[in-house]
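A short write-up of the structure that comes next.
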Amino acid sequence: MSNTLTSIIKIKELRERIFYTLSLLIVFRIGAQIPVPGVNISALKLFMQSNNSGNNPLMEYFNFFAGGAFDNLSLFALGIMPYITTSIILQLLLLIVPALKRISEEEGGRKKITQFTRMGSVPICLVQSFLTINLIKSYEASAPNIIAMEPKLFFYISTVIITTTGTLLLMWIGERITEKGIGNGISLIIFAGIAARLPGAFNELFNKVSKGSLEIPLVLFILIMFVFVIALIIYEQQGQRKIPISYARRIVGRKVYGAPNTYLPLKINPSGVIPIIFASSLLSFPHTIASMFSNVKWLQFVSRALQSDTVTYMVVYGLLIVFFAYFYTQVTLNPIEIAKNIRENGGSIPGVASNKVEEHLTRVLNRIVLPGSFFLALIAIIPSIIINLIPEFPHSMAFLLGGTSLIIIVGVDLDTMSQIEGHLKMHHHDGIVKKGRIRSRNF
């Protein structure tokens, strides 16, 4: 490990990329601590603590992607969530609108889709910031002190502009990290937000243990279980099914090029953490709508039924994750397009007829995505299971050491290691792990 760190420091390009990434992440964390003008931060924090609002699924969802910035209504209170929401909507539209599908398949089409995502994030930022202010203003009915300043109109306008600008700045930071840093900019922003909340969660857990609310053996058992789950996630993230592909000999001029044998790697979980993010986003909508129309009884009923500690929530959440795992896999790994590319390059799968390649790939994908999606669903509902079985266990700790947080932490860490390893190997250095590569599991 010491040799690897020395190599990282010696390679100027890699060293600059890492420092650049860390600098932008520090900017993100500083902005997450600066509240918008006109907010009585002491009154807001007092209300949050007294009402245990961290257990509110809507607020927990906002806080998750904002790295805790929503608690103090900071410049980055919306986090990167509007960008993610826009991405979800565009992914759905790609399947529904043929014109968008054609644009994405054209040369430079992905850049156009990315530009559409940026533009679409602005109106979503405006709507979500307005809903956020409504949520904060609604607290004042039960808060002992005034949380937001008057006049109301000026506070609305200034906060909407500031929080929208904050999200656009985060989008820019994410793109700069991807382009000039070590990659995975948006994922690293979410990762940094989760990591920043870990000390507070551990402190809350320590306080509960000190007060006798939780027994030490029980806490140790849960922490050991989380370590075991992390090992399973790493195993699952690296698991692959390798489809062998043979290419025909080619004659170019007087030269005969050999027939290379390669393989098509299909991950057990091709969609990564995307299904969990999609499902979380979808389940946040009922709570958002219910907070806007507090007098509509059936909306309140739906909102209560989808609280994170209910069986209904766990069942719906799990089913949505399985659905989005299949959906996103079909979007990103279309068997028809893969088979077409294989045939156009003169390739074939041994033992599979040329006209049966799509059917074979579809069957293989369905077989590997099913267990992968069930595994994702199980990991995602771990926090809800722990909260139901052990109500005294800190909810913030359960959400940070389980479910989406755990998969993002492990997934982003593995991707970042791969990025750094690629730079090391490019400069003829050993990788982070032995033999210069992160091993993958074959299935």
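Can you compute the modelled spin-label distance between Phe130 and Trp172, with each label point 7 Å from Cα toward Cβ, in nm?
2.5
Tell me, in nm to one decimal, what length is gained between Phe323 and Leu378 on full extension, where the rule is 0.36 nm per residue of separation less the Cα-Cα distance?
Computed gain between Phe323 and Leu378 is 18.4 nm.
For the stretch 409-422, just list the computed ³J(HN,Hα) in residue order, Karplus coefficients 6.51, -1.76 and 1.60, θ = phi - 60°, integers in Hz, with x standing in for Gly and Pro.
Along the stretch 409-422, the couplings run 4, 5, x, 5, 4, 5, 5, 5, 4, 5, 4, 5, 5, x Hz.
Could you order peptides 377-388, 313-324, 351-362 by the average number of other Cβ atoms within 10 Å of their residues, highest first?
Numbers: 377-388: 20.1, 313-324: 18.3, 351-362: 14.3.
By packing density, highest mean first, the sequence is 377-388, 313-324, 351-362.
Which ³J(HN,Hα) values in Hz, rounded to whole numbers, follow from the phi angles of the stretch 363-369 under the Karplus curve 6.51 cos²θ - 1.76 cosθ + 1.60, where θ = phi - 60° and Gly and Pro get x?
So the J values, rounded to whole Hz, are 5, 5, 4, 4, 5, 8, 6.
Once label points are set 7 Å from the Cα along Cα→Cβ at both Tyr20 and Arg102, what is their separation, rounded to one decimal in nm?
Once both label points are built, they end up 3.8 nm from each other.
Which ³J(HN,Hα) values, rounded to whole Hz and listed in residue order, are derived for the stretch 121-134 from phi using the Karplus coefficients 6.51, -1.76 and 1.60 in 6.51 cos²θ - 1.76 cosθ + 1.60 with θ = phi - 60°, glycine and proline given as x?
5, 5, x, 5, 4, 4, 5, 5, 5, 5, 5, 4, 5, 4
Using Cβ contacts closer than 10 Å as the measure, can you line up Val36, Val410, Val331 from fewest to most? Don't skip to the end; give the middle numbers.
Values: Val36 23, Val410 20, Val331 15.
Result, fewest neighbours first: Val331, Val410, Val36.
If I take R0 = 35 Å and measure r between the Cβ atoms of Lys425 and Leu95 in this structure, what FRET efficiency does the formula 1/(1 + (r/R0)^6) give, to the nearest 0.05?
0.40
R0 = 35 Å: FRET efficiency of Leu370 with Val302, Cβ-based, nearest 0.05?
On the way: r = 29 Å, r/R0 = 0.83.
Taking R0 as 35 Å, the efficiency between Leu370 and Val302 is 0.75.
With a Förster radius of 30 Å, plug the Cβ-Cβ distance of Gln115 and Val27 into 1/(1 + (r/R0)^6) and report the FRET value to the nearest 0.05.
0.80
Please give, to one decimal in nm, the separation of the simple spin-label points placed at Glu204 and Glu344, each 7 Å out from Cα toward the Cβ.
It works out to 5.1 nm between the two label points.
Starting from the Cα-Cα distance between Glu215 and Ile41, subtract it from 0.36 nm times their residue separation and give me the gain in nm to one decimal. Let's see the in-between values first.
Numbers: separation 174, 0.36 × 174 = 62.64 nm, distance 3.41 nm.
Full extension from Glu215 to Ile41 adds 59.2 nm.
Considering all projection directions equally, how large on average is the shadow of the alpha-carbon convex hull of the stretch 262-381, in square nanometres?
On the way: hull surface 36.1 nm².
Average of the hull's projected areas for the stretch 262-381 equals 9.0 nm².
For Ile245, what residues show an amide H to amide H distance below 5 Å, using hydrogens built from the backbone and excluding near sequence neighbours?
Sorted by chain and number, the residues that satisfy this are Thr262, Tyr263, Leu264.
Can you put Glu107, Glu236, Glu175, Glu337 in order, fewest other beta carbons within 10 Å first?
Glu107, Glu337, Glu175, Glu236
Bear in mind that the values in this text are calculations on the coordinates, not laboratory data. Treat the numbers as computed from the prediction; the structure is a model and nothing was measured. Using ideal geometry, Cβ is built from the backbone for each residue, glycine included, and neighbour counts are taken over all protein chains shown.
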